[in-house]
Amino acid sequence: MKADMIITGIKTLYNPNQVPPVKGFNMSKIENIDNPFIAIKDGKILDYGTHDCHGYIDSKTTLLDAKGKICLPGLIDSHTHLVHAGSREHEFSQLRQGIPYLDILKQGGGILGTVEKTKAASFNELYLKAYQSLNTFLSYGITTLEAKSGYGLSLDTEVKQLMVAEKLNQNHPIHVVSTYMGAHAVPLKFKHNRSSYINQIKQDMEIIKEKKLASFVDVFCETGVFDLKETKEILEKAKALGFKIKIHADEIDPLGGAGLGVDLNASSVDHLMAIKDEDIKKLAQANTIANILPGTSFYLNKPYANARKIIDEGCAISISSDYNPGSCPTENFQLIMQLAANHQKLKPEEILNAVTINAAYHLGLDKEKGSIQKGKDADLILLDIPNLSYMLYHFGINHVNDVIINGKHIIKS
């Protein structure tokens with residue numbers, strides 16, 4: 001079989017090569033191959049390694065010389081709030097003055113402020129804004145991205161957000177995975193009738209499932225938002241409908257959302273700045289991924305999740321941006337990785353496993369994405385740097401030169 005593309009001249013391929021979820025000590029292990037080739041056919045990895053590749057070449061094969069760049073699998077951002085209208089720079093000074101995020105929410109700002117702007121925005125306005133953000137993510141090496149709704153809190157606007165994400169997945173090179181998050185906040189009109197809003201969410205999930213607009217359901221389990229009982233009620237309904245589930249867990253207060261996620265077999269529990277020690281032990285015995293979001297801690301000037309302890313206790317982690325207009329307004333995914341190294345004391349190899357194969361695993365995509373293996377999607381990036389560590393050491397800039405998605409050379413150096 002002849003290849004559509006052969007990449008040579010790669011200095012080193014850094015590649016996750018373990019069966020996910022990659023947990024604990026194993027997170028520090030990756031495959032390093034010097035001077036490899038990568039052969040691509042029909043958008044998939046045909047072969048890779050250091051053996052002779054001439055048998056894959058004919059007159060139609062595109063030859064790409066990496067010119068000494070390193071190669072990584074395409075990066076995966078498994079937690080974003082991509083589709084929204086407006087911005088919240090007016091809250092920036094409030095946060096800097098020490099006004100708590102949840103207090104801003106109680107005053108009708110925060111998430112609820114973005115809800116009003118998103119409701120007022122047209123489909124096309126939301127689409128164009130999100131498309132531009134995806135272009136920026138792409139430039140930083142993202143090839144797969146999860147996108148949540150949650151800025152509608154009503155069926156019409158939640159569906160509008162999810163339909164935007166669906167169209168983005170169809171039209172943009174990045175593979176977009178959709179999550180329904182009607183349980184992102186409680187609308188003010190339901191402030192004294194929370195059970196009615198929860199019933200609305202459960203009814204809306206049936207419609208969203210029928211329309212096939214989302215693969216996951218997520219709930220913000222936090223003081224003043226949804227408590228453990230409410231979160232469980234919503235997610236049990238989601239599971240009964242066939243959705244995979246996630247939880248925004250233990251971000252501010254140690255409610256036990258991570259432990260609930262394990263009990264419900266959630267794909268991931270996210271944030272975890274206030275996770276209980278006993279729930280770390282539960283996570284270590286489960287296949288639920290601890291999804292760490294260091295950009296949110298950085299922006300809110302709050303403590304970081306103890307990712308070092310979470311790994312050392314035997315858990316699997318992923319790392320995501322939490323891109324959103326209120327608590328992490330950045331698409332610079334390499335900065336997110338650098339924050340994990342600097343503030344959470346993670347090794348380069350752990351970070352690579354976290355943003356590739358473990359992220360793919362909890363999105364249900366590990367058979368297709370997350371590592372460079374025969375038969376998987378040819379999603380990879382080339383970086384003009386000497387080694388993997390340099391990507392984290394030289395911070396704040398973009399090291400990605402080339403992005404290939406499904407075998408197509410999307411960004412060329």
Problem - Counted charge near E230, where neighbours are those whose Cβ lies closer than 13 Å (Asp, Glu -1; Lys, Arg +1) - result: +1
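State the antiparallel share, in %, of DSSP beta bridges confined to the range 76-362, rounding to the nearest 5. Working shown, then result.
Working: 1 of 29 bridges.
In the range 76-362, approximately 5 percent of DSSP beta bridges are antiparallel ones.
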Fill in the blank from the handout: Expected sort for 258-264, 393-399 on mean C-beta neighbours within 10 Å, highest first, is 258-264, 393-399
Completion exercise
Label model pair K374, K309: point-to-point distance (7 angstrom along the Cα→beta-carbon line) in nm is 4.4
Completion exercise
Highest mean packing first, using Cβ neighbours within 10 angstrom, the peptides 68-76, 326-334 sort as 68-76, 326-334
Exercise for the section: Please give the length that would be gained between R96 and N193 if that part of the chain were fully extended, namely 0.36 nm times their separation in residues minus their C-alpha to C-alpha distance (nm, one decimal). Expected result: 31.6 nm
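Helix-derived [θ] at 222 nm for the chain: sum -39500 (n - 2.57) over DSSP H runs of at least 4, divide by residue count, nearest 500?
Values: 15 runs with 147 residues, N = 413.
Value at 222 nm, helices only: -10500 deg cm²/dmol.
Suppose every K and R has +1 on its Cβ and every D and E has -1 on its Cβ; what is the size of the dipole of the range 76-362 about the Cα centre, in Debye to the nearest 20? Write down the numbers at each step before the final one.
Working: 30 positive and 33 negative charges, 71 e Å.
Once rounded to the nearest 20, the dipole reads 340 debye.
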Handout entry: Nearest 10 degrees, 0 to 90: helix 333-344 Cα axis against the chain principal axis
Key = 80
Fill in the blank from the handout: Across the range 24-137, qualifying lysine pairs (alpha carbons under 20 Å, at least 8 places apart or different chains) come out at 6
Completion exercise
the chain, Gaussian network, Cα under 10 Å: of G295, G152, G55, the residue fluctuating most is G55
Exercise for the section: At 7 Å along the Cα-to-beta-carbon direction for both K412 and Y393, put a label point, then send me their distance in nm to one decimal. Expected result: 3.2
Handout entry: the chain: angle of helix 123-139 to the longest principal axis, Cα-based, in degrees nearest 10
Key = 40
Handout entry: Folded to 0 to 90 degrees: helix 194-211 orientation relative to the chain principal axis, Cα
Key = 40
Fill in the blank from the handout: Other residues with Cβ under 10 Å from the Cβ of A307 give, with Lys and Arg +1 and Asp and Glu -1, a net charge of +1
Exercise for the section: Round to the nearest 0.05 the FRET efficiency obtained for K106 and S28 when R0 = 45 Å and r is the Cβ-Cβ distance. Expected result: 0.60
Practice task
Putting +1 on Lys and Arg Cβ atoms and -1 on Asp and Glu Cβ atoms, find which of G55, L155, V269 reaches farthest to the positive end of the dipole of the chain.
Solution key: L155
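None of the figures in this text is laboratory data; all of them are computed from the coordinates on show. All figures in this text were calculated on a predicted structure; none of them were measured in a lab. Because the Cβ atoms are built from the backbone with ideal geometry, glycine has one as well, and the counts that use them run over all protein chains shown.
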